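Participant: Please find one structure pasted underneath; my questions will follow.
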Amino acid sequence: MIRSTRTRRGAAALAGASVIALALGACSSSGDTPNEGSGTTNPDEKITLTVATFNNFGYTDELLAEYTALHPNITVKQNVAALSDDARLNLTTKMAAGGEGLADIEAIEIDWMPELEIVKDKFADLASDEVAGRWLDWKEAQGKTSDGKLIGYGTDIGPEAICYRADLFKEAGLPSDRKEVAELLGGADATWDKYYEVGKQFVANSDSAWFDSAGATWQGVVGQIAEPYENRADGSAKDLATNTEIKAAYDKIVEVSAELSGNFDQWSDDWAAAFQNNGFATMLCPAWMTGPIESNSGGVTGWDVADVFPGGGGNWGGSFLTVPNTGKNVEAAKELAAWLTAPEQQVKAFNNAGTFPSQIEALASEDLKASTNEFFSNAPVGEIFANRAAAVDAANLPFKGPNYFKINNAITNALKRVDVEKTDNAKTSWDKAISEFNDLGLM
């Protein structure tokens, strides 16, 4: 979903990285016998199925009630964590305890999906004729283990556009119509340099920042690097100290952030408050981000969406539904997970929360393409994000091996020290990132 890296940064995230390594390590060696065949399909047995999600998957009470109407014996209860970090910590802690207390369905964020490789036998195999060919090829591949076992049903993807404050653009003397803004930023030939160049024009004529944070902008940049931290051929980590591609990207973000960033830690209280006081004019905007922008901007008008993205196309985030095989109702949980990720429900989830479908049939839906968003100046968001999804080059999506989350966390921590906390300069913070990387013991 929704979501990829909608996580709290800093010490909490680093602690989560340590916990998952310990928890999954303990779980992988526990020797517990998989319980994949457990569960019930008895239509007369009254059961409750729990679904653990985070942020907002678009699974409203009304949507879940539709499932109960179709299956009167099943009540669905959703447990929603505020942040994906919280969901991740809950999952790994309970897996370390043998699965006690896990939900029947656990939502997994893409950046930490590869970490489940070492405990893949703890999840039910979700492959079936019913779902064959349902998803975009690259999305389905992300839900599989190294031996081809499908453990994750794809929910959303995060095709990226640019969300912006049309009123602030107009005040700064820039075009404000969404089509004009797309052209201003380079249209089909949009580049990061052009995005920064226009940002400099904006801040020269405004009291607002151009973008919210260096860390958020980093997510867009690294999302267009095919092998940022690990080698696709064998999954081995690259030495961060000699990773010139990542270092150059880091240096550029630090450089432009000094002039263009609002210096906010994304998902912090200060960041949320900035929506109310013209804190910044643009955001890298995967489809799911439209929900948080609207929820934080109550009473603020002027937001719009431009059908453009630096570098051509990008995907930030996306999640999966998994079924731990320690549950009491595995088969029923698999049926619910399949229903929640069916094209019809994914279109409804998009309309509820902006979580853009990953299913081929849903992407062709006229209901999806006709979707508009009143808050975003009635922008045709269905059409815009469908275009942005088509612009994603699957061959250039970053390879995310088992250590992607931890290494990327070291970089975002480094950016935060410079951009938000202002405790370090570019060099000292990079040196600390190298130390964090070395402490992972990957080389």
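Participant: Cut-off 18 Å, label point 7 angstrom out along Cα-to-Cβ of D367: give me the residues of segment 138-167 whose amide nitrogen falls inside.
Facilitator: 155-157
Participant: Something else now. Which cross-chain or sequence-distant (5 or more) residues have an amide H under 5 Å from the amide H of A379, H modelled 1.01 Å from N in plane?
Facilitator: N373
Participant: Sticking with this one: How big is the C-alpha Rg of segment 287-339 next to the rule-of-thumb value 2.2 N^0.38 Å, as a ratio? It would help to have the intermediate numbers written out before the result.
Facilitator: Details: Rg = 18.3 Å, N = 53, 2.2 N^0.38 = 9.9 Å.
Compactness ratio reported: 1.84.
Participant: Test of understanding: what is the full-extension gain from E344 to S435, defined as 0.36 nm times their sequence separation minus their Cα-Cα distance?
Facilitator: Length gained, E344 through S435: 28.0 nm.
Participant: So which lysines pass the test for K46, namely a Cα distance under 22 Å, with those fewer than 8 places away in the same chain ruled out?
Facilitator: Hits, sequence-local ones excluded: K77, K328, K334.
Participant: Could you derive backbone 3J(HN,Hα) for segment 145-156 from the dihedral phi with the Karplus parameters 6.51, -1.76 and 1.60 (θ = phi - 60°), listing whole Hz in sequence and x where the residue is Gly or Pro?
Facilitator: Going residue by residue, I get 7, 4, 9, x, 6, 8, 10, x, 7, x, 9, 10 Hz, with x marking Gly and Pro.
Participant: Tell me the per residue accessible area of the chain using a 1.4 Å probe; a whole number in Å² is fine.
Facilitator: Values: 17140 Å² over 443 residues.
For the chain, the solvent-accessible area averages 39 Å² per residue.
Participant: For the chain, take the longest principal axis of its alpha carbons; what is the angle in degrees between that and the long axis of helix 11-28, to the nearest 10 within 0 to 90?
Facilitator: Helix 11-28 and the main axis of the chain meet at about 30 degrees.
Participant: Give me the number: length gained by fully extending E117 to E100, i.e. 0.36 nm times residue separation minus the C-alpha to C-alpha distance, one decimal in nm.
Facilitator: Once the chain is fully extended between E117 and E100, it gains 4.1 nm.
Participant: Tell me which lysines have Cα within less than 17 Å of K427's Cα, excluding those fewer than 8 residues away on the same chain?
Facilitator: By straight Cα distance, K427 reaches K247, K252, K416.
Participant: Using a Gaussian network model of the chain with C-alpha springs under 10 Å, which one of D189, D212, D304 is most mobile by mean-square fluctuation?
Facilitator: So, out of D189, D212, D304, the one fluctuating most is D189.
Participant: Related question: If I take R0 = 22 Å and measure r between the Cβ atoms of A272 and K200 in this structure, what FRET efficiency does the formula 1/(1 + (r/R0)^6) give, to the nearest 0.05? Mind showing how you got there, number by number?
Facilitator: Working: r = 26 Å, r/R0 = 1.20.
In this case the efficiency is close to 0.25.
Participant: Under 5 Å between amide H atoms, partner at least 5 residues away or on a different chain: which partners does V308 have, H built in plane at 1.01 Å?
Facilitator: I162
Participant: Quick one: compute a quarter of the convex hull surface over the Cα atoms of segment 339-438 and quote it in nm². Before the final figure, lay out each step's value.
Facilitator: Details: hull surface 38.4 nm².
In nm², the orientation-averaged hull projection of segment 339-438 is 9.6.
Participant: What full-extension length gain, to one decimal in nm, is calculated for F399 and M443 as 0.36 nm per residue of separation minus the Cα-Cα distance?
Facilitator: Here the segment from F399 to M443 would lengthen by 14.0 nm.
Participant: Give me the angle, in degrees from 0 to 90, between the Cα long axis of helix 61-70 and the longest principal axis of the Cα atoms of the chain, rounded to the nearest 10.
Facilitator: 30
Participant: What trypsin sites (Lys or Arg not before Pro) in segment 215-312 are in a loop by DSSP, with at most 15 other Cβ atoms within 10 Å of the Cβ?
Facilitator: R232
Participant: With unit charges on the beta carbon (Lys/Arg positive, Asp/Glu negative), name the residue among A182, T322, A214 whose Cα is farthest towards the positive pole of the charge dipole of the chain.
Facilitator: The listed residue farthest towards the positive side: A214.
Participant: Could you give each residue of segment 50-59 its phi-based ³J(HN,Hα) in whole Hz, using Karplus coefficients 6.51, -1.76, 1.60 with θ = phi - 60°, and x for Gly or Pro?
Facilitator: 9, 10, 9, 10, 8, 6, 8, 7, x, 8
Participant: Still on this structure: Find the all-direction average of the projected area of the Cα convex hull for the chain, expressing the result in square nanometres with one decimal place.
Facilitator: Averaged projected area of the chain's Cα convex hull equals 19.8 nm².
Participant: Taking the Cα atoms only, what angle lies between the long axis of helix 343-353 and the longest principal axis of the chain, rounded to 10 degrees?
Facilitator: So the inclination is approximately 50 degrees.
Participant: When only C-alpha pairs under 8 Å and at least 6 residues apart count, what is the relative contact order of the chain, in percent?
Facilitator: After rounding, I find 27 percent.
Participant: Now for a separate question. So what is the 222 nm mean residue ellipticity for the chain from helices alone, if each DSSP H run of at least 4 adds -39500 (n - 2.57) and you divide by all residues, rounding to the nearest 500 deg cm²/dmol?
Facilitator: Calculated mean residue ellipticity at 222 nm is -11500 deg cm²/dmol.
Participant: Which whole-Hz ³J(HN,Hα) couplings does segment 246-253 yield from phi under the Karplus relation 6.51 cos²θ - 1.76 cosθ + 1.60, θ = phi - 60°, glycine and proline marked x?
Facilitator: Values, residue by residue: 5, 4, 5, 5, 4, 4, 5, 4 Hz.
Participant: State, to one decimal in nm², a quarter of the convex hull surface area for the C-alpha atoms of segment 110-265, i.e. the direction-averaged projected area.
Facilitator: Average of the hull's projected areas for segment 110-265 equals 12.3 nm².
Participant: Express the carbon and sulfur contribution to the solvent-accessible surface of the chain as a percent, rounded to the nearest whole number, probe 1.4 angstrom.
Facilitator: On the chain, the fraction of accessible area on carbon and sulfur atoms equals 48 percent.
Participant: Follow-up. Calculate the FRET efficiency for K170 and D207 from the Cβ-Cβ distance with a Förster distance of 22 Å, rounded to the nearest 0.05.
Facilitator: Computed FRET efficiency for K170 and D207: 0.95.
The values are calculated or read from the model by the stated rules, or taken from the named source; none is laboratory data. This is a predicted model, so every value here is computed, not measured. Note that each Cβ is placed from the backbone with ideal geometry, even for glycine, and that neighbours are counted across all protein chains shown. These area figures cover heavy atoms from the full protein model, side chains too; ligands, DNA and RNA do not enter into them. Shrake-Rupley method; radii C 1.70, N 1.55, O 1.52, S 1.80 Å.
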